[in-house]
Structures are given as C-alpha cells and as structure tokens.
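*Asks:* What follows is a structure written as structure tokens; I'll ask about it next.
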Amino acid sequence: MSSTKKPSSQKRADRERQDNRTLNRVYYVFLLGLAAECYLILAYRGFAFGNIGSTLAWNKFLNVAMWVGLALLAAGAVTAFVKKNDQKLRRIMTWVAGVGAFFFASSWIMTRFFTNGMGVTIMCVLVPILAVLALIYLLYQHECAVNTVLLGGAMFSVWLRGATAQSDYWRLPVIVGCVAVLLGLAAVAYLVNKARQDDGKLWGVRVFSPECDYRIVLAVVAAAAAGVLLVTVLPAISYYLMWVLGVLLFAELVYYTTKLM
C-alpha cells in the first residue's frame, strides 16, 4: 500500500516545490519592477525636468550606466550560455544580464530622446508593461504570454499607425514598421508550426506547454496580422481595430485563466 501512495506524495511534493519557485520568481520580478520604476521617477525629476546642474550630473551618470549595463549584459549572457549545465550559476547570470539590459536600454533611451522628457516617459510606461508580461509568463502557460505579446504588439501598431496617419514625417516610417511587423508575424507563425511538430520545443528548448492548443496561437497570429494589415491600408479604422484586438486580448486571458482552475 505504501508503494502505491509514494508516487502520489512525491508528485505533490514536486508540485509544491515548483509552485514555491514560481512564487519566488514572481516576488523578484515585482520587486525589480518596483525598484526600476522608482529609479525612473528619480531620473524623471532630476534628469528630464531638473535644473542645469542636476541634468548634467544625471547625463554623466547615465552615460556611465549605459556602458556598465552593456558590460553586465554581455558578461551575464556569455557566462549563462557557457555554464548552462550549472543551473544555479546560470540563473544568477541570467538575472545579471537582465539588470545590465535594463541599465543599457534605459540609459540609451533617456539620453537619446531627451526633448520634453520623452525618453524617461517611454521608460516609465515600458517598465510596468514588461513587468506585467513577465508576471503573465511566470503565472500562466507560455502560450498565453506569447499570445498576449502578439495582441498587445498589434494594438500598439494599430494605435501608432492611426496616430501618425496625418504626419508627413512619421507616416512613411510607421508604414514600413507595420510591414516589418507583418513579416515578423509570418516568422512567428512558422516557428509556432515548427514547435507543434516537435512537441512544443524549438531547437530542444520547450516554449509551449504539452497541452498547448496551437489552433488558438495560430488564430491569434492571424488576428494580429489582419489588424496590422487593415490599419496599414485603412488607418481611419484604427480606433475600431483597437477595440476588437482589446476584446480578443481580454477573452484570451479569461480563457487561459479558466484553464488554470
């Protein structure tokens, strides 16, 4: 009798350990996102809208932080790849690479788009979005995170095309960007189909759960592509397309939430 109960208890213990690891990662992501947002608020006050002395000091700091971040990103990524069999070291260096990527990207954006604090504002909006996407990735199925990124990216593309439809400067670059998004979605569809043929793996790395319904993922890719294609040709309907994509995003999150129950 004990031999029949042992596998069940072992599975329960493994499940609890996995849940604890996931909750710890969620906790770390939340704290890192909060710390990043506090850092950006300080940059907003001191760099974008501070006095001359404060702005110059922040500019010098951000230029140093950009190169230090790039070094951390390179060192973390290379070490994590070389020591991929050492799970503990790989996990630490992955976090190091992530922190480096944040300082490199944020410093470059804030110094590159300085006018009216545009760069700092972009980062203040981008960090919460990335934090939410990371939490979705950790708490939901991986395919849910992929679908959320696709629909969210499509909504942004639709909004940007509609907002720049009357701009002589931005209209053509945004149209080119929409075409690039369509090509990217075609590549995503190819990779999804490739993963389906290999039980949810790409080049030996699992990207989708074994229970993934690939029809939903491909339908999301098709919906995102249709929205971007339509707004590229007819920017006047961007408002309505954003509502359609928003409803699809909400329905997708509800669907994957019910699957967790």
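The values are calculated or read from the model by the stated rules, or taken from the named source; none is laboratory data. What you see is a predicted model, and the numbers here were worked out from it, not measured in a lab. Don't worry about glycine lacking a Cβ; one is built from the backbone with ideal geometry, like all the others, and counts go over all protein chains shown. Side chains are part of the model used for accessible areas, which takes the heavy atoms of the whole protein and leaves out ligands, DNA and RNA. Shrake-Rupley method; radii C 1.70, N 1.55, O 1.52, S 1.80 Å.
*Asks:* Take S238 and decide whether it is at pLDDT below 90, part of a helix (DSSP H, G or I) and of a type in the set (S, T, N, Q). Please lay out each step first, then the result.
*Replies:* Details: at pLDDT below 90: yes; part of a helix (DSSP H, G or I): yes; of a type in the set (S, T, N, Q): yes.
The answer is yes for S238.
*Asks:* Every residue in segment 122-141 that is out of contact with any Lys or Arg (no Cβ under 8 Å at 6 or more places or on another chain), under 17 Å from T22 (Cα atoms) and not hydroxyl-bearing (S, T, Y), please.
*Replies:* A131, V132, L133, A134, L135, I136, L139 - these are the residues of segment 122-141 that are out of contact with any Lys or Arg (no Cβ under 8 Å at 6 or more places or on another chain), under 17 Å from T22 (Cα atoms) and not hydroxyl-bearing (S, T, Y).
*Asks:* Moving on to the next point. Determine which member of the set V244, V220, V233, V228 is loosely packed, with under 13 Cβ neighbours inside 10 Å and of a type in the set (V, I, T).
*Replies:* V233
*Asks:* Just one of (1) more than 16 Å from the chain's Cα centre (by Cα); (2) in contact (Cβ under 8 Å) with a residue 24 or more places away in the chain trips up F81, so point out which.
*Replies:* All conditions pass for F81, except number (2).
*Asks:* Identify all residues within segment 88-126 that are aromatic (F, W, Y) and either open to solvent by less than 90 Å² (accessible area, probe 1.4 Å) or closer than 26 Å to G50 by Cβ (or both); write none if there are none.
*Replies:* F102, F103, F104, W108, F113, F114
*Asks:* Based on this model, can you work out whether R196 counts as assigned to a helix (DSSP H, G or I), among the basic types (K, R) and either open to solvent by 50 Å² or more (accessible area, probe 1.4 Å) or under 27 Å from Y28 (Cα atoms) (or both)?
*Replies:* Working: assigned to a helix (DSSP H, G or I): yes; among the basic types (K, R): yes; either open to solvent by 50 Å² or more (accessible area, probe 1.4 Å) or under 27 Å from Y28 (Cα atoms) (or both): yes.
Yes.
*Asks:* Shifting gears a bit: Filter segment 83-121 down to residues that are in a helix (DSSP H, G or I) and of a type in the set (K, R) and give me whichever is nearest to Y27 (Cα to Cα).
*Replies:* Per the stated criteria, the residue is R91.
*Asks:* Among the residues of segment 25-45, is there at least one that is of a type outside the set (A, V, I, L, M, F, W, C), open to solvent by less than 40 Å² (accessible area, probe 1.4 Å) and more than 20 Å from the chain's Cα centre (by Cα)?
*Replies:* No: segment 25-45 contains no residue that is of a type outside the set (A, V, I, L, M, F, W, C), open to solvent by less than 40 Å² (accessible area, probe 1.4 Å) and more than 20 Å from the chain's Cα centre (by Cα).
*Asks:* I've got another one for you. Mind counting the residues in segment 60-99 that are within 15 Å of M110 (Cβ to Cβ) and either modelled with pLDDT under 90 or small (G, A, S) (or both)?
*Replies:* Counting residues in segment 60-99 that are within 15 Å of M110 (Cβ to Cβ) and either modelled with pLDDT under 90 or small (G, A, S) (or both) gives 2.
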